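Everything below concerns the one structure shown next.
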Amino acid sequence: MKENKAEESGTNRRKFLKLGLLSSFTAIAGSSIVTSLTAQEEEKEPAGEVIRLLTPDGKIVEVNASNINNYPEALITPEESRKGIPDRKFVMVIDLAKCKNARKCVEGCQKGHNLDYGQEFMKIKLLQDNPTSEPYWFPKNCMHCDEPPCVTVCPTGATFKREDNIVLVDNERCIGCKFCVTSCPYSARIFNWEHKAKFDDKSQPYSPETSVPGATGTVTKCDFCPDLLRQGLLPHCAQSCPEGVIYFGDKNEDLVTNGQETLSFSKLLTDRGGYRHLEHLGTKPNVYYLPPVDRLYELEDGFDVSEEVKERYKDVPYVQELKKQGKI
């Protein structure tokens, strides 16, 4: 059963390529990437899946799929990162009915962005809509707003909004004023207070699209993983979630996928009553939520976590009651 599920997941993850991201990637990357890849192919025999790519000058080349991942993030400069991926409007949909606080999305994001244990671009909150309703797990990251207050207040242009919906931070321009931190109603930003050895790693050129390497005295945050999107891959959080909670895709193509199924974005929101967090603030987020209706897991299932994480929820009355009952 697990093998079949893994095969199905792999097949559906590949469906994300059908969103047209691969064609966008080749159009942006240009002949420099194709030249690098073809040169690499001359040195070793191709193995595994071979993908045909269209170069900017109209030629078809065959490239070993395993090599594609090695190049995009290193070649997207800070200047190029401001352009975004043409004709894309990226959106995320989070299904609250499926979330059980497995925290794999947090861990996958931390690993992918070289974050410390205590640093979280994706935070799992415990929300309760009213005193008589049961709380539910609520993954929260940067909302990549269409009207981002962080961009408005940034005095240097370090925080910027791209046409593909993604909001990024260029730490080469960031002066550490923290105006963006205080203006964000979603508390989505992290400030690098101290110098860390990992900031000295120059093994790959810095790019706002990877947020790596970081820099002391600058701000960082969830970036929707544009370096992966250029490769036709899902963001780290969506790839890592074992429950298929996080869907990601292109609003223009009206498609989103969680790696297990590919759905119509608009129909999913309509059928499930999708909404946006704190939408009354006028920020117009590009992260949508599906209400926690007919949940797949009991709330107490989410307490199979470390004691440090459990402490975050100790003051919630519902959690205190569960403790009294011996359920957690």
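Restricting Asp315, Asp301, Asp271 to residues that are in a loop (DSSP other than H, G, I, E, B), open to solvent by 60 Å² or more (accessible area, probe 1.4 Å) and acidic (Asp, Glu) narrows the list to Asp315. Condition (residue is in a loop (DSSP other than H, G, I, E, B), among the polar types (S, T, N, Q) and open to solvent by 50 Å² or more (accessible area, probe 1.4 Å)) applied to region 225-246: is it met by at least one residue? No, that holds for no residue.
Residues in region 261-281 that are farther than 19 Å from Gly244 by Cβ and charged (D, E, K, R): 2 in all.
Every residue, every condition in (1) open to solvent by less than 10 Å² (accessible area, probe 1.4 Å); (2) touching a helix residue (DSSP H, G or I) at 6+ places or on another chain (Cβ under 7 Å), yes or no:
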site	(1), (2)
Glu120	no, yes
Gln128	no, yes
Glu147	no, no
Lys161	no, yes
Leu168	yes, yes
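Does Leu263 count as touching a residue at least 60 places away in the same chain (Cβ under 8 Å) and either under 17 Å from the mean Cα position of the chain (by Cα) or surrounded by 13 or more Cβ atoms within 10 Å (Cβ to Cβ) (or both)? No. The set of residues in region 70-99 being among the polar types (S, T, N, Q) and either open to solvent by 70 Å² or more (accessible area, probe 1.4 Å) or modelled with pLDDT of 95 or more (or both) consists of Asn70 alone.
Residues checked against (1) of a type in the set (A, V, I, L, M); (2) part of a loop (DSSP other than H, G, I, E, B):
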| residue | (1), (2) |
| --- | --- |
| Glu147 | no, yes |
| Thr152 | no, no |
| Gly157 | no, yes |
| Asn165 | no, yes |
| Leu168 | yes, no |
| Asn171 | no, yes |
| Gly176 | no, yes |
| Val181 | yes, no |
| Ile190 | yes, no |
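Taking region 187-220 as the range and being at pLDDT 95 or above and at positive phi as the test, the residues that pass are Ser187, Gly217. The selection criterion, being among the aliphatic types (A, V, I, L, M), over 16 Å from the mean Cα position of the chain (by Cα) and buried (at least 21 other Cβ atoms within 10 Å of the Cβ), holds for Val219.
The values are calculated or read from the model by the stated rules, or taken from the named source; none is laboratory data. Fair warning: this is a prediction, and the values are worked out from it, not measured in the lab. All Cβ positions, glycine included, derive from the backbone under ideal geometry; neighbour counts span all protein chains shown. Surface accessibility is based on the protein's heavy atoms, side chains included, excluding ligands, DNA and RNA. Shrake-Rupley method; radii C 1.70, N 1.55, O 1.52, S 1.80 Å.
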